[in-house]
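The values are calculated or read from the model by the stated rules, or taken from the named source; none is laboratory data. Computed from a predicted structure; not experimentally measured. Ideal geometry is used to build each Cβ from the backbone, glycine not excepted, and the neighbour counts take in all protein chains shown.
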Amino acid sequence: MRETLAILVFFLVLLPAVPSTHPQTGQRSLLSQAPPLGSTDYPWTMFHHDSLRTGASLASAPSIANPAWSYATNGAIYASPAVSDGLIFISSWDGTVYALNENTGALVWSMQTGASIYSSPAVANGIVYVGSRNGGMYAINEQTGALIWVYGNPNCAITSSPAVADGKVFYGTWSQGGCIDPGQFVARYANNGTLAWTNPAIAASSVRSSPAVDSGLVFFGQDNGSVMALNETTGQQLWTRSLNGVTIVGSAPAVYNGRIYVGTDNGFFQLNEFTGARITPFLSPNSNTTSAAVAVGAVYFGSGTGYVYKVNATTGGQIWRATIGTAVNSSPALALGTGTVLVGANDGYLYALNMTTGGFVWRYLTGGQVSSSPAIADGRAFVGSLDFKLYAIGTAPPPPPSLKVGIFPGNSTLKPGQVSLLTMTVTNGTSPESGANLTLTSTAGGGFTLPVERSPGLYVSNYTAPLTFTAVATSIRVVAAKPGFLDGSAQTSIALQPFPALTISLTVDQTSVSPGSEILLTVRVLNGTTAVPGATITPSPTGAGTFSTATDAGNGSYTLVFSVALQVSGSNTLTVLASKPGFSPAQTQVTVTVGGLPDLQKSKLFGLPLLLLAVALGVLLLIVVGALAKRRREAAEGKTEPTPAVPSYAVKRPAWFPGRLN
């Protein structure tokens, strides 16, 4: 059993608050695994290696107890390390999660949770997961240590080591009440921490056990002496099994070939994975036992009576028993590459035993009790101790060769927008290396085209100079990377020259005007003492008004007119910007004062002087008024006399009248 009842009592103190959030299974055969990609040969990604909690890896253990390095934290280490991507992840009773360089033990990053940590880290898809005594489950960026998310309940302390499988994080809590409404076993989505489900059927018992996941099921022990299986997707209870004479199941169940092997505070048990039925007979010493390691038809576990056992995975018959002589609370780990069992003990030693015979291979003395379960990777063993330290045992493998890189610019002096062809060479020290991945950077900015390999080990890229207003030297750095090699780098320098600077002068015909007035601006653009024709003049005011289009008057002179709006007063700053391709732009400004009555003589509307418009409007108004007055006079005089009628007989028809018949 990984912890004693005394430790549980010590846990039951006031819990710190959790920080707020700011943001296909099946039996897997170890023998079928191939070394994964990355800088760790066989990653040990969580407590007891994997989500089946087999505690077994194809990695090799060191052949002798040769210390590589140790790292001191500020608290006892009960947790077990995870190893992945060239990094070691370990949590400490000081409340901190540490990431260390696997080869050197140098600190890469650390993150404080604010409460003690017993839970072992798990790492998956570049994210480290770990539970804290403050009830928070933390997700941390593997490379940077940046917090991705944290969720939890301060009433639900976590000592269970999370299992990560099928896109979810599974873990238990050990609060006796007021916990996650109301379940005490939790599944969260690994990418964002949102709650997938909690199980409400286990509210009466704490869960310190670290879960195992297989075939769509989640298995864990409870502090009421039972083992439970839940549906991985829904959290629905499938079966529960009480173990006679057992009060606490704090170890992690190990799953192997349809069976579950579990250590308790009073013996060791074998259950059917799908029904929970107890399988007997099975060797069960009358003492607390650790989590089991299982591989190649055999089960390995330690006991509080000072023994490490190897038993037949089917019959439970003892194969061998190794005498340690002191309590074993560390769960064994198996290095199948060398046939080695690694296990810690209360006497402070890490022991290496022969898997076949149980014979001693070596032992290494730490400065405190070893309750941590070892992790094995890259020919080394990693284990924590209650002396506050994490130990790496075994000689580090020789580092891979480094790439040798050269970089040569075609042009070493550039103006903005100009291009220099960069030629880069990559070798292993003696011969060219094809297929390298090149990354280019510039301290002063600018752009790069994607590097192209023109011939083995020869790469090219175009660098485009950025806009700069002062002369500056930029450092161009190239980093070459290729699997099997340490990165190589080289750098060169390119002088960046600004465009020639324009100078600009501005004069106005008046600086104090009335609303509606026009201001004539004369702009002179030079480069040193040389006039610059063809510049683009861009004006802008701070107050109301409009500019005319600038007119090129020749010899670097330009004119434009600013029309002041009618209903304004106060200061108006006129800014003029001069620009031309190949030159750095320049600008100047002048402030004019607007006040008094509008200048109707100079003010215009629709392009016409306002005074002329006013006169025309007055004339039109007079014409309309005169016409109206005339009509009124005629109406007042009344009707005129009618013209007398002429009798029809008095009208003579001319001889040529067209109606005549003859």
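Here are a few things to note about the model shown:
- Looking only at the stretch 488-512, residues that are modelled with pLDDT under 90 and crowded, with 18+ Cβ neighbours inside 10 Å come to 2 in all.
- When residues of the stretch 513-555 are limited to those that are among the aliphatic types (A, V, I, L, M) and surrounded by fewer than 18 Cβ atoms within 10 Å (Cβ to Cβ), the one nearest to Ala565 (Cα to Cα): Ala544
- Residue in the stretch 405-414 that is among the aliphatic types (A, V, I, L, M), within 30 Å of Arg477 (Cα to Cα) and over 33 Å from the mean Cα position of the chain (by Cα) present: yes
- Among the residues of the stretch 205-251, those identified as among the hydroxyl-bearing types (Ser, Thr, Tyr) and either farther than 15 Å from Ser161 by Cα or within 32 Å of the chain's Cα centre (by Cα) (or both) are Ser205, Ser209, Ser210, Ser215, Ser226, Thr233, Thr234, Thr240, Ser242, Thr247.
- Number of residues in the stretch 360-387 that are assigned to a strand (DSSP E or B) and among the small types (Gly, Ala, Ser) equals 4.
- Hits in the stretch 234-257 (condition: surrounded by fewer than 19 Cβ atoms within 10 Å (Cβ to Cβ) and under 29 Å from Leu195 (Cα atoms)): Thr234, Gln236, Gln237, Leu238, Trp239, Thr240, Ser242
- Test result for Gly429, modelled with pLDDT of 95 or more, touching a strand residue (DSSP E or B) at 6+ places or on another chain (Cβ under 9 Å) and exposed (fewer than 14 other Cβ atoms within 10 Å of the Cβ): no
- Of the residues making up the stretch 427-450, those that are out of contact with any Ser or Thr (no Cβ under 8 Å at 6 or more places or on another chain) and assigned to a strand (DSSP E or B) are Thr427, Asn437, Thr439, Thr441.
- Test for Ile64: is it crowded, with 21+ Cβ neighbours inside 10 Å, in the same structural domain as Val296 (by TED's automatic domain parsing) and either at pLDDT 95 or above or in a loop (DSSP other than H, G, I, E, B) (or both): no
Conditions tested, residue by residue: (1) more than 24 Å from Ala292 (Cβ to Cβ); (2) in a loop (DSSP other than H, G, I, E, B); (3) within 23 Å of the chain's Cα centre (by Cα); (4) among the hydroxyl-bearing types (Ser, Thr, Tyr).
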position: Tyr42; (1), (2), (3), (4): no, yes, no, yes
position: His48; (1), (2), (3), (4): no, yes, no, no
position: Thr54; (1), (2), (3), (4): no, yes, no, yes
position: Ala68; (1), (2), (3), (4): yes, no, no, no
position: Gly75; (1), (2), (3), (4): yes, yes, no, no
position: Tyr78; (1), (2), (3), (4): no, yes, no, yes
position: Ile90; (1), (2), (3), (4): no, no, yes, no
position: Met111; (1), (2), (3), (4): yes, no, yes, no
position: Tyr118; (1), (2), (3), (4): no, yes, no, yes
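- Matching strands (runs of 3 or more DSSP E) fully within the stretch 147-242 where at least 3 residues are within 21 Å of Gly263 (Cα to Cα) and at pLDDT 95 or above: 212-214, 217-221
- Of the residues making up the stretch 482-491, not a single one is among the hydrophobic types (A, V, I, L, M, F, W, C) and within 30 Å of Leu574 (Cβ to Cβ).
- Of the residues making up the stretch 432-484, those that are surrounded by 13 or more Cβ atoms within 10 Å (Cβ to Cβ) and either among the aromatic types (Phe, Trp, Tyr) or in contact with a His (Cβ under 9 Å, 6 or more places away or on another chain) (or both) are Phe448, Tyr459, Tyr463.
- For the condition buried (at least 17 other Cβ atoms within 10 Å of the Cβ) and within 21 Å of Gly297 (Cα to Cα), Leu342 qualifies.
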